[in-house]
Amino acid sequence: MTVTITPLAENAGAEVTGLDLRDDVDAEIAKRLNDAFVDRVALVFRDQTLTPRDFVKGASIFGTPMKQLLAQYHLPDCPEVGIVSNRDRDTKGDGKILIRGTTWHTDHSNTEVPPKATSLYAIDLPDSGGDTAFTNTCAAYDALPNATKKRIDGLQAVHAYLSSRTPRKLPKRTKEEEAASPDMIQPLVRTHPDSGRKALYLNPVRIEEFVGVEKEEGFSLLGELMAHATEDRFIYRHKWRRGDMVIWDNRCSMHQANKDYDMSQLRLMHRLMLEGTKPA
Ligand code: OGA
Ligand code: MN
């Protein structure tokens with residue numbers, strides 16, 4: 001079968017057909033897939049049948065799978081694969097159900113070397129809703145007025161695990177986990193290591209302030225950039241089907257889960273991440 005890659009929206013998303021992720025891919029197909037991954041920021045593979053090990057192997061086309069950071073959500077026999085579901089609880093916090101990923105973010109931006117990619121594989125889904133949206137932050141950067149680019153190029157942001165103005169909760173961590181993750185300074189505008197394009201590196205859940213910018217002014221800048229970067233024209237909104245594997249590039253996108261569905265129905269994903277490089 002031939003592999004085809006079809007864009008799904010103007011600035012983000014592409015569907016790959018003709019590929020079973022359990023099969024080996026040759027160098028030419030791997031290159032096409034990697035180029036599309038960077039260009040489209042999120043790739044969708046339909047109708048896959050993947051054990052956790054198959055999932056790890058398939059994602060390896062795009063890089064090196066790493067251990068999931070939140071140990072409480074690992075699969076016991078496959079530490080690269082974790083679970084994201086609407087039954088997950090904040091086990092180290094109040095023990096209540098915590099739907100993760102429900103506001104715009106990029107994954108683990110408070111770590112020194114955030115994952116290059118994250119991937120979800122849909123196991124169980126609600127009858128409707130529960131989409132994941134992706135926005136292309138290279139396209140968003142390109143579309144900024146020159147004056148704004150000038151103002152923000154070179155700015156640095158302080159990323160905490162959880163910022164004081166976060167729009168949502170994150171799972172609580174142990175004292176040891178907290179101590180092992182100091183705040184991290186990241187560029188607000190990063191250069192994509194593969195494409196050379198500049199991207200906004202935004203995350204309202206984590207960004208506490210910008211270095212050398214008064215706090216209130218920083219929050220209003222963040223608000224302005226977020227409003228711009230999440231305009232419809234930059235977004236692909238993925239409607240999940242069982243068996244979908246979606247992989248996205250954290251270096252040039254943000255994503256958001258939607259908790260707009262019937263919570264009595266199970267939404268269960270397998271999740272993995274690929275090793276990244278230090279944002280620059
Ligand atoms: C994630 C995430 C979104 C979703 O796994 O990092 O944000 O739709 N998930 O579950
Ligand atoms: Mn996420």
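Just so it is clear, none of the values below were taken in a lab; they were calculated from the coordinates. All of these numbers come straight from a predicted model, not from anything done at the bench. When we count neighbours, we look across all protein chains shown, and the Cβ atoms used for this are built from the backbone with ideal geometry, even at glycine.
A few comments on the model shown:
- DSSP beta bridge pairing in the range 4-274, given as percent antiparallel to the nearest 5: 95 percent
- Cleavage-rule hits (GluC sites (Glu not before Pro)) in the range 204-233: DSSP loop, at most 12 neighbouring Cβ within 10 angstrom: 214
- Cα-projected label distance for residue 71 with residue 266, points at 7 Å along beta-carbon direction, nm: 2.6 nm
- Helical contribution to [θ] at 222 nm, DSSP H n ≥ 4, -39,500 (n - 2.57), averaged over the chain, rounded to 500: -5500 deg cm²/dmol
- The simple Förster model, with R0 at 35 Å and r as the Cβ-Cβ distance, assigns residue 172 and residue 147 a FRET efficiency of 0.25.
- Screening the chain for whole DSSP H helices with an alpha carbon extent of at least 15 angstrom along the helix axis and a mean Kyte-Doolittle hydropathy of at least -1.0 yields 27-40, 215-229.
- A cut-off under 10 angstrom between Cβ atoms defines the neighbours of residue 45, and their net charge, with Lys, Arg +1 and Asp, Glu -1, is -3.
- Within the range 230-274: backbone nitrogen closer than 17 Å to the residue 90 label point (7 Å, Cα to C-beta): 259
- With a simple spin-label model that places each label point 7 Å from the Cα along the Cα-to-Cβ direction, the separation between residue 211 and residue 64 comes to 2.7 nm.
- Placing R0 at 25 angstrom, the Cβ-Cβ distance between residue 10 and residue 83 gives a FRET efficiency of 0.15 after rounding to 0.05.
- Value of Rg to Rh for the range 57-113 (Rh from inverse mean 1/r over Cα pairs, i.e. Kirkwood): 0.99
- Longest to shortest principal axis, alpha-carbon extents of the range 155-271, angstrom: 47, 38, 27
- The amide H of residue 172, built 1.01 Å from its N in the peptide plane, has 92, 93 as neighbours under 5 Å, considering only residues 5 or more places off or on other chains.
- Overall dimensions of the range 7-92 as given by Cα atoms, namely Rg and Dmax in Å: 14.9, 45
- Cα centroid separation, the range 233-276 to the range 91-108 (Å): 14 Å
- Rel. contact order, % - alpha carbon contacts under 8 angstrom, at least six apart, the chain: 34 percent
- Pairs exceeding 30 Å between alpha-carbon atoms, taken from 175/198; 198/239; 150/259: 175/198; 150/259.
- Rg to Rh quotient for the chain, alpha carbon positions, Kirkwood Rh: 0.95
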